[in-house]
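Notes follow the structure.
The values are calculated or read from the model by the stated rules, or taken from the named source; none is laboratory data. Given the structure is predicted, the values throughout are model-derived calculations rather than measurements. Cβ placement follows ideal geometry from the backbone for every residue including glycine, while neighbour counts extend to all protein chains displayed. Please note that ligands, DNA and RNA were not included when accessible areas were found on the heavy atoms of the full protein model with its side chains. Shrake-Rupley method; radii C 1.70, N 1.55, O 1.52, S 1.80 Å.
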Amino acid sequence: MITGIIIYWLIVFLSSYRHGVFNFEEAVKGTGGLAWYLLLFVIFVSLAQKIARLHLPKVWLFAVLLPLRKWAGIFAFLVVVSHSLFQMLDKGIATNISEIIKTAFSTEHAMIFGALAFLIMLPLFLTSTNWAVKRMGYKSWKNLQRLVHIAFVFAAVHVTLINFFSRGEIEFGPLILLVIYGGGYFYLWVRKLQASKTA
């Protein structure tokens, strides 16, 4: 999985360099897409496993996929860092901290939602080690890691509105995924209520 992610990132990087010129806009799109796919994997493999557990015996596939969530989350953040760097290089403000903050949190484009997702993912990345789990205690660490769901929502809004402010276009794919995500966890909540009533 790690090898595949690195190869994908290198393809994005190399394909953005043509005729002696680096196309930062293309690199932004490519790395943004990769980060989004990795975040989708983190969110939906967990949701699918929870739903499957209600209806099926232990599925071997999840035993393989679930441990990969950690690495998908780590690389999602690292790819987001490169995505952000390419964006700032494209705008010519990569070395201007105040301008970076001003641009990232401007309400004039969808970047603010990506910036919020980035800030939420930062502590999750920093605490992705076994040392952090032991230091914080598993329960506290797990509660912190659940913030990835909020990061996912912000990232979905970011992707949905990425072209809205410039061209008035809305990307409906992330909205559909948000509906599926919400419906899945609503279903789990209903089943939990039913189980508590019959207990």
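Of note, residue 110 satisfies the criterion of being surrounded by 13 or more Cβ atoms within 10 Å (Cβ to Cβ), in contact with a Phe, Trp or Tyr (Cβ under 8 Å, 6 or more places away or on another chain) and at pLDDT below 95.
The set of residues in the range 123-160 being open to solvent by 50 Å² or more (accessible area, probe 1.4 Å) and either touching a Phe, Trp or Tyr at 6+ places or on another chain (Cβ under 6 Å) or β-branched (Val, Ile, Thr) (or both) consists of 125, 129, 150, 153, 154. Scoring residue 155 on the criteria (1) modelled with pLDDT under 95; (2) within 21 Å of residue 45 (Cα to Cα); (3) among the aliphatic types (A, V, I, L, M) leaves a single failure, condition (1). Within the range 69-102, if we keep just the residues that are in contact (Cβ under 8 Å) with a residue 60 or more places away in the chain and surrounded by 17 or more Cβ atoms within 10 Å (Cβ to Cβ), the residue that is nearest to the chain's Cα centre (by Cα) turns out to be 73. Contact annotation: no residue pair with Cβ atoms under 8 Å, 6 or more positions apart or on different chains, pairs a residue in the range 186-199 that is of a type in the set (Asp, Glu) with a partner that is surrounded by 10 or more Cβ atoms within 10 Å (Cβ to Cβ). Inside the range 132-151, residues that are within 13 Å of the chain's Cα centre (by Cα) and of a type outside the set (A, V, I, L, M, F, W, C) make up a count of 3. Look at (1) open to solvent by 60 Å² or more (accessible area, probe 1.4 Å); (2) at positive phi and you find that residue 20 fails only one, number (1).
As a summary of the residue check, residue 24 satisfies the conditions (1) within 19 Å of the chain's Cα centre (by Cα); (2) in contact (Cβ under 8 Å) with a residue 24 or more places away in the chain; (3) over 27 Å from residue 179 (Cα atoms) except for the one numbered (1).
Residue-wise test of (1) loosely packed, with under 11 Cβ neighbours inside 10 Å; (2) at pLDDT 95 or above; (3) assigned to a helix (DSSP H, G or I).
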{"position": "162", "(1), (2), (3)": "no, no, no"}
{"position": "178", "(1), (2), (3)": "no, yes, yes"}
{"position": "191", "(1), (2), (3)": "no, no, yes"}
{"position": "194", "(1), (2), (3)": "yes, no, yes"}
